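Asker: Have a look at this one before I ask anything.
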Amino acid sequence: MKFIDEYRNPLTVRALAADIEKRVRKPLKLMEFCGGHTHAIARFGIRKLLPPDVQMLAGPGCPVCVTSSADVDRAQAMAGIKGVILTTFGDMVRVPGSRGSLEEARAQGADVRIVYSPMDAVAMAAKDPGRPVIFLGVGFETTAPAVAASILQARQQGVKNYFVLSFHKLTPPATAAILDAGEVNISGILGPGHVTTVIGSNAWKFVPEKWRVPVAVAGFEPVDILLAIRMLVDQVSEGRSQVDNAYSRSVLPEGNRTALKVMNEVFTACDTEWRGLGPLRASGLCIREEYAEFDALRIFPVTVAMDREPSACRCGEILCGVASPADCPLFGSTCDPQHPVGPCMISSEGACMAYFQFGDRLL
């Protein structure tokens, strides 16, 4: 299959890995921001292909994982309002808050439904105009345009009972927070492919300009990832810091202008809480005043307790690259996919899920 098979060719992959080993001149810590990269690296055994001096660190690029317990509590409280239908993607149903998960709320009688698109929630609202339908919007710049488009569609169709609970987050502020914290000496960053398809590779220029840390945007096949790693190795070896693009078949410097226009029409940046990173300024997406009638936070105000994380779970540290899943005392024993304690073991993009599911695979 074009754009798949050639990017998984074992000979090309091994040649790239050997080339990286020749070029490495000192120990490097490279962070893959995106949870999709974490899973691809684990699935294809890329860590075992890399030389020991190249260490890959998981980052905060799992939108389900970085959703705070307090936000899960807000969703659960809204789901408990009489008559409300709360819709969401499948991963969010099992994420724990301080009072349990949406799955547990559903077991207690809340009407929580899984949808595959926010447009499904709009259609659900149009079909049942007597009940409020809330879509729980979780994700980065990748999914935010589609959620924004659902609000525009609901307005166009005159659907008055559709609302969005926006927990959307922006990736550059999280990257800046990790670099500012300085807890991990990051040598380079593997830029998220899907996010950067929307925001454009130019959006990452602030990283080399402010911190002198190289960035290489990567796709999700083995050749994509290894090519980006080689770009980072070369930048470090040559004393350069810039943004390279190893995913040019999808990513443009200016991004997807249509998607950005829709997203920026409906949403505006606001302060929000990240699991593991805490409150970050202008790192979330809130619904603009012009579309306030679709904002679940305005229409259904709820009060929740302070954020409380599961005891002994190190998901927050894993999301910052400070710890790996193997460092968590719960990993693989108390916490597994059947009995997850934290969101890093629940989400399909979570680092703990990736480590548990794929282990030490080798292409």
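The values are calculated or read from the model by the stated rules, or taken from the named source; none is laboratory data. What you see is a predicted model, and the numbers here were worked out from it, not measured in a lab. Cβ sites come from the backbone with ideal geometry, for glycine too, and all protein chains shown count toward neighbours. Accessible surface is based on the protein model in full, side chains and every heavy atom, while ligands, DNA and RNA are left aside. Shrake-Rupley method; radii C 1.70, N 1.55, O 1.52, S 1.80 Å.
Asker: Give the residues of segment 22-39 that are farther than 16 Å from GLY188 by Cα and out of contact with any helix residue (DSSP H, G or I) (no Cβ under 6 Å at 6 or more places or on another chain), sorted by residue number.
Answerer: LYS22, GLY35, GLY36
Asker: Condition first: part of a loop (DSSP other than H, G, I, E, B) and at pLDDT 95 or above. Now tell me which residues in segment 1-25 satisfy that. Steps first, answer last, please.
Answerer: First, the residues of segment 1-25 that are part of a loop (DSSP other than H, G, I, E, B): 1-4, 8-9, 24-25.
Passing the criteria: only VAL24.
Asker: Here are ARG94, ARG113: which of them is open to solvent by 60 Å² or more (accessible area, probe 1.4 Å) and within 17 Å of the chain's Cα centre (by Cα)?
Answerer: ARG94
Asker: Here's another thing I want to ask about it. Only one residue in GLU141, GLU103 is within 22 Å of TYR291 (Cα to Cα), out of contact with any Gly (no Cβ under 6 Å at 6 or more places or on another chain) and acidic (Asp, Glu). Which one? So that I can check it myself, show each step before the final result.
Answerer: Numbers: GLU103 fails: within 22 Å of TYR291 (Cα to Cα).
Matching residue, one of GLU141, GLU103: GLU141.
Asker: If you don't mind, there's one more thing I want to ask. I'd like the residue in segment 63-115 that is basic (Lys, Arg) and assigned to a loop (DSSP other than H, G, I, E, B) and, out of all such residues, is farthest from GLY321 (Cα to Cα).
Answerer: Residue satisfying both the conditions and the ranking: LYS82.
Asker: Which of the numbered conditions does LYS29 fail, given that it passes all the others? Conditions: (1) crowded, with 17+ Cβ neighbours inside 10 Å; (2) in contact with a Ser or Thr (Cβ under 6 Å, 6 or more places away or on another chain); (3) not in a helix (DSSP H, G or I).
Answerer: The number of the failed condition is (1).
Asker: Quick one: how many residues across segment 260-303 are open to solvent by 50 Å² or more (accessible area, probe 1.4 Å), under 24 Å from ALA176 (Cβ atoms) and among the aliphatic types (A, V, I, L, M)?
Answerer: Here the count works out to 1.
Asker: What is the residue count in segment 32-47 for residues that are under 17 Å from the mean Cα position of the chain (by Cα) and not in a helix (DSSP H, G or I)?
Answerer: Counting residues in segment 32-47 that are under 17 Å from the mean Cα position of the chain (by Cα) and not in a helix (DSSP H, G or I) gives 3.
Asker: Could you look through segment 147-160, keep only residues that are of a type outside the set (A, V, I, L, M, F, W, C) and surrounded by fewer than 17 Cβ atoms within 10 Å (Cβ to Cβ), and pick out the one that is farthest from VAL84 (Cα to Cα)?
Answerer: GLN156
Asker: Moving on. Applying the selection to segment 330-345, what residues are assigned to a strand (DSSP E or B) and open to solvent by less than 40 Å² (accessible area, probe 1.4 Å)?
Answerer: Listed by number, the residues that qualify are CYS335, ASP336.
Asker: Let me ask you something else. Would it be correct to say that VAL236 is in contact with a Pro (Cβ under 7 Å, 6 or more places away or on another chain) and at pLDDT 95 or above?
Answerer: In short, yes.
Asker: Taking segment 116-131 on its own, how many of its residues are assigned to a loop (DSSP other than H, G, I, E, B) and in contact with a strand residue (DSSP E or B) (Cβ under 6 Å, 6 or more places away or on another chain)?
Answerer: The initial filter retains those residues of segment 116-131 that are assigned to a loop (DSSP other than H, G, I, E, B), namely 116-117, 128-131.
Narrowing further to those that are in contact with a strand residue (DSSP E or B) (Cβ under 6 Å, 6 or more places away or on another chain): 131.
Qualifying residue count for the region: 1.
Asker: Filtering segment 195-225 down to residues that are of a type in the set (Asp, Glu) and open to solvent by 10 Å² or more (accessible area, probe 1.4 Å), which residue is nearest to ALA146 (Cα to Cα)?
Answerer: This residue is GLU221.
Asker: I've got another one for you. What is the one condition in (1) touching a Pro at 6+ places or on another chain (Cβ under 6 Å); (2) modelled with pLDDT of 95 or more that CYS65 does not satisfy?
Answerer: (2)
Asker: Any residue at all in segment 241-248 that is in a helix (DSSP H, G or I), open to solvent by 10 Å² or more (accessible area, probe 1.4 Å) and in contact (Cβ under 8 Å) with a residue 40 or more places away in the chain?
Answerer: Checked against the condition, which is being in a helix (DSSP H, G or I), open to solvent by 10 Å² or more (accessible area, probe 1.4 Å) and in contact (Cβ under 8 Å) with a residue 40 or more places away in the chain, segment 241-248 yields no hits at all.
Asker: How many residues are closer than 23 Å to GLY284 by Cβ and either in contact (Cβ under 8 Å) with a residue 40 or more places away in the chain or among the β-branched types (Val, Ile, Thr) (or both) when one looks only at segment 202-216?
Answerer: 4
Asker: Across segment 163-194, what is the total count of residues that are in contact (Cβ under 8 Å) with a residue 60 or more places away in the chain, open to solvent by less than 30 Å² (accessible area, probe 1.4 Å) and farther than 20 Å from PRO222 by Cβ?
Answerer: 16
Asker: A further question on this structure: Going through segment 68-80 one residue at a time, which ones are in contact with a Pro (Cβ under 8 Å, 6 or more places away or on another chain) and either open to solvent by 10 Å² or more (accessible area, probe 1.4 Å) or not polar (S, T, N, Q) (or both)?
Answerer: Residue satisfying the conditions is VAL72 alone.
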